[in-house]
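The values are calculated or read from the model by the stated rules, or taken from the named source; none is laboratory data. Source: prediction; values computed, not measured. Every residue, glycine among them, receives a Cβ derived from its backbone with ideal geometry; neighbour counts consider all protein chains shown. These accessible areas exclude ligands, DNA and RNA; they are computed on the full protein's heavy atoms, side chains included. Shrake-Rupley method; radii C 1.70, N 1.55, O 1.52, S 1.80 Å.
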Amino acid sequence: MPSLRSERESVVSLLEDYPQFSSITDLGSGWGGLAEILAENFPERSIQGIESSIIPFLCSKLKNHRNVNYTFGNFLSLPLQSHQAYVCYLSPEAMIRLRKKFETDQPEQGILISIAFSMPQWTAARRLQAASRLKTAIYLYEF
Ligand SMILES: C[S@@+](CC[C@H](N)C(=O)[O-])C[C@H]1O[C@@H](n2cnc3c(N)ncnc32)[C@H](O)[C@@H]1O
C-alpha cells in the first residue's frame, strides 16, 4: 500500500531540517510515489528507490525524474551507507529485519524516517503526526 500524500508531506518537512543529507534512499520504493515527491521537493538532492517487486518497480521507472534512480532488488542485500537519509514505509516484520541490517552494517551519522511503524528498540529523535484522518505517526531516528 503506498503512503498517503499527507504522510509524504510529513516526511518532506522532516527532511527539510536535514539539508546536510544530499542523498535520500527509499527502502522499498513501491510504485515510486514517495520518491517522486522527494524528487520534486529536493531537486538538488539525489533520490534512490530500491524495490523488490517487479511490477511496481517497472512502473516507478516510467516516472523518470531527473534526480531519482530506482534499483530492482532486496535492500537487505545492499550495504547501508553512512551520512545518508533513509526513508521507509514497511511492515513491522520488515522493520525487525531492517534493524538487524543496521546492527550488521553499522552505518553512522545518518537518519532514518519511518512512516507508521517504529523501529523496535530504537528511540525516536522526533515524531510527527501526519495530517491525515488516520493521523499516522512518522518517526525520525538519528544513527
Ligand atoms: C508499503 S510499500 C511503500 C512504498 C513507498 N515507499 C511509499 O511510501 O509509497 C512497501 C514496499 O516495500 C517493498 N519491500 C519490502 N521489503 C523489501 C525489501 N527487503 N527490499 C526491497 N523492497 C522491499 C514492498 O515490495 C513494497 O512495495
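Being aromatic (Phe, Trp, Tyr), more than 25 Å from Ser22 (Cβ to Cβ) and at pLDDT 95 or above, is that true of even one residue in the stretch 111-120? Looking through the stretch 111-120, at least one residue is aromatic (Phe, Trp, Tyr), more than 25 Å from Ser22 (Cβ to Cβ) and at pLDDT 95 or above. Being at pLDDT 95 or above, near the ligand (Cβ under 10 Å from one of its atoms) and touching a strand residue (DSSP E or B) at 6+ places or on another chain (Cβ under 8 Å) holds for only one residue in Ser13, Ser60, and it is Ser60. Determine whether Ile55 is more than 17 Å from Tyr139 (Cα to Cα), under 12 Å from the mean Cα position of the chain (by Cα) and among the β-branched types (Val, Ile, Thr). No; evaluated as a whole, the condition is false for this residue. Among the residues making up the stretch 63-91, a single one is over 23 Å from Ala124 (Cβ atoms), open to solvent by less than 60 Å² (accessible area, probe 1.4 Å) and near the ligand (Cβ under 9 Å from one of its atoms): Gly73. When you check Gln106 against the structure, is it within 23 Å of Leu78 (Cβ to Cβ), out of contact with any Asp or Glu (no Cβ under 9 Å at 6 or more places or on another chain) and open to solvent by 100 Å² or more (accessible area, probe 1.4 Å), yes or no? Yes, satisfied.
Of the residues that sit in the stretch 24-57 and are of a type in the set (Asp, Glu) and more than 10 Å from the ligand (Cβ to nearest atom), which one is nearest to Gln84 (Cα to Cα)? Once the filter is applied, the top-ranked residue is Glu44.
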